[in-house]
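What follows is one structure encoded as structure tokens, with my remarks underneath.
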Amino acid sequence: MEVKTPITQALNDGVLTRQDLKSFMRRSDLPAFRHLAGWIVLLAATTALVHATLGTPWLWPAMFLHGIVVVHHFALQHECCHYTVFRTRWLNDVFGTICGLIIAIPHQYFRYEHCDHHTHTQLKGRDPELIELPISVWKYMWYITAIPYWRSNIGGMFARALGRISDADKTFLPKEAHATVIAEARAYVAVYALILAGSVATGSTAALWYWIVPSLLGQPVMRAIRMTEHVGRPNIADMRENTRTNLTNAFVRFLCWNMNYHAEHHYAASVPFHALPRLHRKLKGYVHVEPGGYIGAHREILRQLTGRTPRADLRAEAGE
């Protein structure tokens, strides 16, 4: 039996044509370079803000703003792992690897993990990126601190650098990829060691104020954003129900490379970031949209945590 998705339903209803879909999937280097140019300007501006506030109490809010931009390198890396940012394939690997170094997510490892996330979206025990609906408001806040994220992410990378592949990793990493992700983890650790050694040798604290502390300050924002994509949606395979699109402003859409259109991305992962707004307009009424954006999504999550609405994961387990 065919599993209907918003894409197939829209095609069947004549709202979306196969020609439309083909045009949305067309890849080009130009939109990526335009977006990247704006990204570099924004990153330079927040870097300059940090520099201008060194030695003043304004340094911490400046590093927080800069950190939000730094952690959003994840959005670009995410797109690169789908090979949809650039039409020139190797550019996706280059920029994905650079972003991975900035945010400490080895790129090839992430590609394997993310592939299974798309294959088994929101299914417990099968989706390696599944963020469980927390059991309490305290656990909700604990996740947003990003402490569990750093512990898992950095710990996993160092374990792979030591040649260890965890049982969890083996669920999505084919055996022939083990050597690749181990070598990648060692390369990342080596780069970080060189940065540390260079900082100590020169007495420079630049990495601390422009990269490490901003990343720590900004990562909770990314954790909160990542929660809005699937948390609080049912743990079922139905693509019309398990993913949320969040409506937001143009600046945030720029910052996240249009990944707020997350449902559309899951329904057609081959559609480049720059075409997602057009796909969203075509699929209006066919996807789960949170009009309140990220804040609205967190309100929905908190309503479930506080018992004001039934928990989506329990409804799924009950077969509702």
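Just a few scattered comments:
- Taking the criterion of being within 12 Å of the chain's Cα centre (by Cα) and either closer than 21 Å to residue 261 by Cβ or free of Cβ contacts under 8 Å to residues at least 12 places away in the same chain (or both), the residues of segment 205-236 that qualify are 221, 222, 223, 224, 225, 226, 227, 228, 229, 230.
- Segment 261-299 - residue that is among the aliphatic types (A, V, I, L, M) and within 21 Å of residue 19 (Cβ to Cβ) and, of those, surrounded by the fewest Cβ atoms within 10 Å (Cβ to Cβ): 269
- Only one of the numbered conditions (1) over 13 Å from the mean Cα position of the chain (by Cα); (2) closer than 26 Å to residue 68 by Cβ; (3) surrounded by 21 or more Cβ atoms within 10 Å (Cβ to Cβ) is violated by residue 312, and that is (2).
- Among residues of segment 24-37 that are within 15 Å of residue 258 (Cβ to Cβ), those with a beta-carbon under 6 Å from a residue that is not in a helix (DSSP H, G or I) at least six positions away or on a different chain give the pairs 24/271; 25/270; 25/271; 27/87; 27/272; 28/87; 32/85; 32/86.
- The conditions of being at pLDDT below 95, farther than 25 Å from residue 15 by Cα and either in a helix (DSSP H, G or I) or touching a strand residue (DSSP E or B) at 6+ places or on another chain (Cβ under 6 Å) (or both) are met by residue 314.
- Out of 52, 75, sole residue that is touching a residue at least 40 places away in the same chain (Cβ under 8 Å) and not basic (Lys, Arg): 75
- On inspection, residue 10 passes the criterion of being in contact with a Lys or Arg (Cβ under 7 Å, 6 or more places away or on another chain), of a type in the set (A, V, I, L, M, F, W, C) and in a helix (DSSP H, G or I).
- Residue satisfying all of: in segment 161-173; touching a residue at least 12 places away in the same chain (Cβ under 8 Å) and surrounded by fewer than 19 Cβ atoms within 10 Å (Cβ to Cβ); farthest from residue 311 (Cα to Cα) among these: 163
- Selection from segment 81-100 of residues that are surrounded by fewer than 22 Cβ atoms within 10 Å (Cβ to Cβ) and not in a helix (DSSP H, G or I): 82, 83, 87, 88
- Filter result for residue 236 (in a helix (DSSP H, G or I) and of a type in the set (Val, Ile, Thr)): no
- When 241, 176 are checked against the criterion of being in contact with a Lys or Arg (Cβ under 7 Å, 6 or more places away or on another chain) and either of a type in the set (D, E, K, R) or surrounded by 19 or more Cβ atoms within 10 Å (Cβ to Cβ) (or both), 241 stands alone in meeting it.
- Residues in segment 244-260 that are over 19 Å from residue 8 (Cβ atoms), touching a residue at least 40 places away in the same chain (Cβ under 8 Å), buried (at least 20 other Cβ atoms within 10 Å of the Cβ) and in contact with a strand residue (DSSP E or B) (Cβ under 9 Å, 6 or more places away or on another chain): 244, 246.
- Taking the conditions (1) buried (at least 19 other Cβ atoms within 10 Å of the Cβ); (2) of a type in the set (A, V, I, L, M); (3) more than 30 Å from residue 244 (Cβ to Cβ) in turn, residue 225 satisfies each one other than (3).
- Pick from segment 105-160, criterion part of a helix (DSSP H, G or I) and basic (Lys, Arg), ranking: surrounded by the most Cβ atoms within 10 Å (Cβ to Cβ): 160
- Candidates 43, 76, 49, 54 - the one that is within 27 Å of residue 284 (Cα to Cα), at pLDDT 95 or above and among the aliphatic types (A, V, I, L, M): 76
The values are calculated or read from the model by the stated rules, or taken from the named source; none is laboratory data. This one's a predicted model, so the numbers in the text were calculated from it and none came from an experiment. A quick note on method: Cβ atoms are made from the backbone with ideal geometry, for glycine too, and the neighbour counts reach across all protein chains shown.
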